[in-house]
1. Can you give me the orientation-averaged projected area of the convex hull built on the Cα atoms of chain C, in nm²?
2. Modelling each spin label as a point 7 Å along the Cα-to-Cβ direction, I'd like the residue A:376/residue C:154 distance in nm, to one decimal.
3. For the full complex of protein chains and a 1.4 angstrom probe, list C:64, D:189, D:97 by accessible area with the highest value first.
4. Taking chain D as the reference, fit the longest principal axis to its C-alpha atoms, fit the long axis of helix D:190-203 to the helix C-alpha atoms, and give the angle between the two in degrees, 0 to 90, nearest 10.
5. Which one, B:120, C:203, C:378, projects farthest toward the positive side of the charge dipole computed for the protein assembly as shown from Cβ point charges (K/R +1, D/E -1)?
6. Roughly speaking, what is the centre-to-centre gap between region A:92-153 and region B:11-75 when only Cα atoms are used, to the nearest Å?
7. Taking each residue in A:370-383, count the Cβ atoms of any other chain within 10 Å of its Cβ, then average. What number comes out?
8. Report the accessible surface area buried between chains A and C, summing both sides, using a 1.4 Å probe on protein heavy atoms only, in Å² rounded to the nearest 100.
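The values are calculated or read from the model by the stated rules, or taken from the named source; none is laboratory data. Because the structure is predicted, anything quoted here is derived from the model rather than measured. Note: ideal-geometry Cβ built from the backbone for every residue, glycine included; neighbour counts use all protein chains shown. The protein model used for the area step is the full one, side chains on, heavy atoms only, and it has no ligands, DNA or RNA in it. Shrake-Rupley method; radii C 1.70, N 1.55, O 1.52, S 1.80 Å.
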Amino acid sequence: MHNSELEPMPPNAVLRPGHTFASVTDKIGSLVLVRPYELKWFIGFGIGFSLLMTLLFSAARLFYYGVGIWGIDVPVMWGFAIVNFVWWIGIGHAGTLISAILLLLKQEWRTSINRFAEAMTLFAVACAGMFPLLHLGRPWLFFWLLPYPNTMGLWPQWRSPLIWDVFAVSTYATVSLLFWYVGLIPDLATLRDRARNKWAKMGYGVFALGWRGSAMHWHRYRTVYMLLAGLATPLVVSVHSVVALDFAASLMPGWHTTVFPPYFVAGAIFSGFAMVATLAIPLRAWYGLKDFITDKHLENMCKVMLATGLVVAYGYMMEAFMAWMGNNPNEKFVLLENRPFGPYAHTWRLMMLCNVIAPQVFWFKWARTNVYFIWFMSIVVNIGMWLERYVIVITSLHRDFLPSSWSMYHGTVWDYATYYGTIGLFTTLLFLFIRFLPVISIAEMRELVHETGHKHGRPETSPGSAS
Amino acid sequence: MTHHETEAETVYGIMAEFEHEEDVLEAAEAAYARGYRAMDAFSPHPVEGLAEAIGFHKNRVALVVLLGGLTGGLSGFFMQWYTAAVEYPFDVGGRPYFSWPAFIPITFEMTVLFAAISGVVGLILLNGLPRPYHPAFNAANFATASTDGFFLCIQSDDPMFEAEAVQAFLTEFEPKSLSVVPL
Amino acid sequence: MSKPESISFDEASREKLETLQRNASIAGVVGLGVLLGAWVVAPSTFYPAYLIGFMFWWGIALGSCGLVLLHHLVGGSWGVPLRRPLEAAAMTILPLALLYIPLAIGIQTLYPWAKHVPEGAHEHLSPWLDQSFFLGRAAGYFVFWSLLALAVNLWSSEQDGRTDHAPSRRLGVIAGPAAVFLFTSASFGAIDWVMTLEPHWTSTIFGAMLCIGGLLSTLAAMAIVLRQLSGCNGISQKITPDRLHDLGNLMLAFTMLWAYFSFSQFLIIWSGNLSEEIPWYLRRSRGGWEFFVVALMFFHFLTPFFILLNREGKRRTRYLALAATWILVMRVVDLTWLIAPATNDLNSPRFAWGTVILGIPAVVGVGGICVAFFLSRLKRQPLVPLNDANVVAALERAGG
Amino acid sequence: MSQIFHPSANTLARVSILGIGIAVLGGVGGVFAYVRSPYQTQVQVIRNQPVPFSHAHHVRDVGIDCRYCHSTVETASSAGLPPTHTCMSCHSQIWGSADMLAPVRSSLAENKPIVWTRVHDLPDFVYFSHNIHVQKGVGCVSCHGRVDEMPLAWKAEPMTMEWCLDCHRHPEKHLRDPQDVVRMDLVLSSQEQQAKGKELLMRNHIEPDRLTNCSVCHR
């Protein structure tokens, strides 16, 4: 609507020049306030919702029959549930990375995608958190994982990484929610002030807490926002490190290796950025957000994918090299024999193709600038990183120390139904979010308008007063 | 002085609306230099230096976050030490009861959790929120304070407050609009 | 774009640097002289001590090269005052290649696998830890690192003379792959030279851990360089509080990363408690080395962490340089802890006093040569590469 | 701009946030109280029995030893419930025609055991043995309370894991000499009990450190 008045998009812009405070507010706010319900929204929501129903049905069946409906059995006691858990939580990490780390690094290209990325984090963590709980066998007793004075006189086993996981994931979910909500408060106030419908005004008004943009409030707000970013950054690293320790603190060959924490974190960011690209590319096309999510954003995402993909490759290389050098027969068997040449070799080879070989095309600019190709590659990486967790979980377990207990593992239809079901949960939440909340931070876009418009003659300043 | 008192009972302050953030910054600095203290400025996004211009320099939320983080970390570590080494000492794989290396991850998570929660709670409480009703919302055009309007309000509880003088003072800065905000 | 005036040293600063360079050379010669004496008297004490000094400066040389490449990749205002010091520091890999020769000579004293050919369960290591292959690899690393250091230096000074950005664009193109190979080769260098001191112990994170430590040393060294340069005309305006703040934040981040990598390795090995892994830590927590563990926790992580949280402090060169000195000292302590206890006997643990004490002249001696070389490189060129594409972009964004 | 909310909304907002907090705390506290309440633990809740058997009468008034009916308490995991024959050894002689005892007589006649309502029911994953507890000197009264004062039986203790562990950590608080195990009215001062307990720990080779191993109860 405003595009005709705006200047053409320069190649490296993170915001189309010519936007004003009013125009960005209007454009983003109207997505929520003015735009009517559209058929394509209903189609997307409907697909998500029907998959969500699949999830509920599979979970209900699981509650009734127990984990026997899944493919897990001795010796593979960790199957899809753990694979999906790690996959989802990794996807969540990109959101925090974009919103927190890029904020600390003063990368202004984060501004237009951070809200969306944070929402993605929340929804991915919701999907991730579900799997360990469903995997418990008696999910209704999940609260046994928490430290509270119970009639059993027991406390959680603090030496177990699985308990660290409980704390890490729940802290992560809480902090992500707080970070997201604090970022939303000024935007909720904007929506409150712009909504015409009385009930919408009231609804946004309640959650805006009466925000009125006072200078003193902004002063505290920026401090807290920077501090939350500062806290979220090591938190994200710790969460996936703890996930890595779930494996590494054990003694299983192929799991017990010191490089796991950083290499899992890199893998998480790798798959997370792929997921951001998978979602952002159709979203900006459907919702006309190309002014805000520009080609520059996509190119940067490709660079991050390339970098983190290389770290993952470094991890693979070090694992294999140290297995050879350390000469532990079990370690050697898993890493140099069973994974590349064993019964799951095809999975391992596909993983290598998707995670190590394919992303190397991002060295070339044409690959980072072709939207269709980026989207295709993002799917490839998503698949590759799912397979990585599958390889790690299954190939270490299915042939354990005792050859007589070797067996094969395959997911059952309920494993797949639960997995696709969480994709439905994610999609449903995402479509609700798109409909009811601003997908781009309006307040921060106004700041970006201000900064890009006043580039000259302004002293260099760093945002916030946090360190 | 009776005139002043009645005003203080019915008027929240005088609100001036500006189009650019430089203008509100200038007006705020001038008002502070003139001696006004009870005032507030409103903007749709954080304006560098605006809080300082109205005389607000240090906020205590960073301290709140630090204290929250320390509380969380210490209580997290204490909880693990007490339950694993004192309350129910329990041998797992020959590890010591006080397995401090294994207590570090949860100590870290608790630090972050408490720091983040105290930061957000501190932000909301120190800002006096939730406050869905506020006299400032009575000002003309105040809805634009969340879009592209910049406002400066000199409040009636300032000892120097006199409606005419304040209005005359604010008019010097050529505000887009000027309104008396009822309480 | 008009050609910006170049920033180089005025007479006073040049004299100051001359003095520094002379002092560094003297320190280097004296340090190496002491070491030579020790080498004659007690070679088995000398070699590990020399390795400590060598690895410390090696980390800074490669870390500098890596940070230059990183700046070519991502740009940013932090690199404006740091680019030339980093380039000059990257060049110290040339004297370090020569200073590696004593280690090549002492290979049989230093490495148990060279003394006795690996046998039994570790027979398979013999092709990798074959002496000539080992030294050939080392030569290969040095050739690659030297070429890289020459490339980032020569192309950068080529850029000074022209405004068309061709050399810096060329650097931008090679920076990505070069950084990948640099990190990988540095990892293998660390594995070869330090990890194989105990050839039966492996850790997949080890190479990356040493690289992170080297980057931390580099950042700290650069903070001290900026403090020294802050009096120099021209560049002092480029050392803004914001850029110091960025550098301080990078130091904070790498302090945390160092702690993260070191603790991850420890926690995983501690949890596993396997007989093939845990002795590495047992050797390093007995016979006096346990004090090093405590010192590393409190002084290599907690103290710098809290020092670098201070926002106001990070914006001042003096404060930052003090923090950096502290960190560099602790880097030496960390490397000592990694290297010296390698021969600690678990049955009769003892503290390697000789190696620890001799580590000081080793760090000073190797360092004196490196610093003198660094200064001679530094004063040869303008202090800010003003025609560099990334620097131009950073200065434009900063508005001055 | 007009106000969206009435001034009272400020109070309402604060009160509702506080209210949510109190409701959550209250809810959690309620659950905590519930799992420890007699409703959940059945402590002091009288269960109806097919025959209103009074321990108070048989133990206190008549003076029958516990082991007369619960005959395997010293030798087996289960203390054992008496077969109808045990009842009839007396009740064929006295109160032979009381209405109250009709179910006992028909049990004997039909050769079908009396179906008592269970008062103490530990979960199936707990391996509890009366034998070892009695042999090592844990008195009946420590777990079952003053059975000699119960007209109809009830649970005296909650028998939660916490409660079990309490004794497994400090067994000396409850140990007594073999001849005192079935005594209901033995009262010792805490010093006496402490001294006696320490002595019995030694004599009976009880190692409290190992009593809290999982596999002691969960095998």
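1. That works out to 19.2 nm², a quarter of the Cα hull's surface.
2. 4.0 nm
3. My answer, sorted largest first, is D:97, D:189, C:64.
4. 60 degrees
5. Highest projection toward the positive end goes to C:203.
6. Answer, in whole Å: 33.
7. Per residue, the number of nearby Cβ atoms from other chains is 0 on average.
8. 3600 Å²
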